[in-house]
Amino acid sequence: MIIRNYASCNTCREKYILRAGVGTEKYQLHSFDCKTCGLPISVVVRANPPSAYFQAEENVTIEEHEDKNAIVINLHPFFAFNKDEIHDRMALPSLLYMNKITPYLRFVSNRKFLGIETQDTGLQFNVPNASHLWTTVKNIFLLKNGDGQDKRIKKAIEYYEKQRQKYFSETRVSTPKEVAINFFDSLFYPRFEQLVKPVIELIYSIKDNHPEKFANFLQFYLDNLQAQHNRQYLSIFSDYFKIYNQLSQVVVHSRIGDEDVDDKIIGSKDFENVKLYYGQAYESITSFFVVFACLNNIFLGRDYDQFQSMTLSKYMKDVSKEKRANPFEHTKQFYTFTDGLDSTLRNGSHHASIWRDGENIFYRSGGTGAQREIAYSRYLHLCNKLTISLAALFIVELELKDI
Ligand SMILES: [Zn+2]
């Protein structure tokens, strides 16, 4: 469903027709640059399906009547726009994207209509109110660390199950791990499972071929890495869901492995809140690579802490983040997780030496300080790629004990 309303910029009085796609999200914050004065305008879409309306947030007044010279602004929480569509009063991005999504849809019969099961394709490729649901997922893993928390965990898992059953009646989850798999798989398939499956298979074969070495690694992992990694995962995913309304606009592309993003126009732009995320995601994933590095040592017949030419403590202390994946660069199942890593962009994002001008992002690398440029849509796309890899790695780590 698309809703529309009229608005004007509080700074320069430029008139707008706002059009926004509304799904199951109850709250959508959208920001865009005023076409005339350039200052940011923010509006909120509040929805209680089937009704929805715009609310003024910053530098904008919602108007009663249409102005005949008004500029159309298209906004959608899950899709970006082509250049010729962004100001088109008839644009329907969901139709365009449906062609991209359809080949990947799983059949899930989630609704009964006159006693016949039907499917809603829109819901299949989305987790309604994902940011809100993430809080529940996070709490389940936070509670896991406490004593005597079993009842509270059970309650939170039941709450999660109930929320998902509203849309997929067959949802069944009974452990924290099952909740995490259900959540991230629903949010990020098919890319998510394309990452997870081959790695799990490889780890099974590593354990089969080197059971003692694997047991030693698992002990080391549980004693030294697990708790710290768990905290880091919960923290980076919480950062992601704070800015999910920005990143969700292009997430389809990273899910289906579609690189056709550079010409896409992002309707809602809130760069101030996403500019540091890439650097944070980069830091997190490269620090978690220690798990793959150790497993790769065993895969090659060595002890988990023995690299070709260094020890594990040297790897953890001295190897810089951009070289953390080098030891397993020939093991495809692990190395695929580096897709989207760019150390120059990381330096720009990490040191806040990054800014937006219109549809582009500019950043300075370390060293020579040369200025680089990418489309805003690609910046968001890369953030999503790293996040899907992080989610897959999170599940792989949760599986380690059960392999
Ligand atoms: Zn203005």
Problem set entry | Exposure ranking of HIS76, HIS132 by accessible area [1.4 Å probe, largest first] | HIS132, HIS76
Exercise. Per residue, how much accessible area does region 125-279 show when a 1.4 Å probe rolls over the protein heavy atoms, in square angstrom?
Worked result: 45
Exercise. Counting only protein chains, not ligands or nucleic acids, how are LYS317, LYS401, LYS162 ordered by accessible area (probe 1.4 Å), most first?
Worked result: LYS317, LYS162, LYS401
For this session: Would you work out the relative contact order for the chain, in percent, from Cα pairs under 8 angstrom that are 6 or more residues apart?
Result: 16
Seminar exercise, completed: Summing -39500 (n - 2.57) over every DSSP H run of at least 4 residues in the chain and dividing by its residue count gives a helix-only mean residue ellipticity at 222 nm, to the nearest 500 deg cm²/dmol, of -14000 deg cm²/dmol
For this session: Give the angle, between 0 and 90 degrees and rounded to the nearest 10, that separates the Cα long axis of helix 150-165 from the longest principal axis of the Cα atoms of the chain.
Result: 50
Exercise. Which angle between 0 and 90 degrees, to the nearest 10, do you get for helix 211-220 versus the longest principal axis of the chain when only C-alpha atoms count?
Worked result: 60
Exercise. Under unit Cβ charges (Lys, Arg +1; Asp, Glu -1), what dipole magnitude, rounded to 20 debye, does the chain have relative to its Cα centre?
Worked result: 600
For this session: Kindly express, to the nearest 10 degrees and within the range 0 to 90, the angle between helix 226-242's C-alpha long axis and the longest C-alpha principal axis of the chain.
Result: 10
Problem set entry | Formal net charge of residues neighbouring ASP260 (Cβ-Cβ distance under 12 Å; K, R +1; D, E -1) | -1
Exercise. Pairs LYS207/LYS323; LYS321/LYS385; LYS177/LYS242; LYS26/LYS166; LYS26/LYS151: which exceed 21 Å Cα-Cα?
Worked result: LYS207/LYS323; LYS177/LYS242; LYS26/LYS151
Exercise. Quick one: with all protein chains in place, what share of the accessible area of region 220-285 is carbon or sulfur, to the nearest percent (1.4 Å probe)?
Worked result: 42
Exercise. Which of these, ASP33, ASP342, ASP150, has the largest mean-square fluctuation under a Gaussian network model of the chain (Cα springs below 10 Å)?
Worked result: ASP150
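The values are calculated or read from the model by the stated rules, or taken from the named source; none is laboratory data. Quick caveat, the model's predicted, so the values are computed rather than measured. Every residue, glycine as well, gets a Cβ built from its backbone with ideal geometry; the counts of neighbours run over all protein chains shown. Each accessible area value is taken on the protein alone, full model and side chains, heavy atoms only, with ligands, DNA and RNA left out. Shrake-Rupley method; radii C 1.70, N 1.55, O 1.52, S 1.80 Å.
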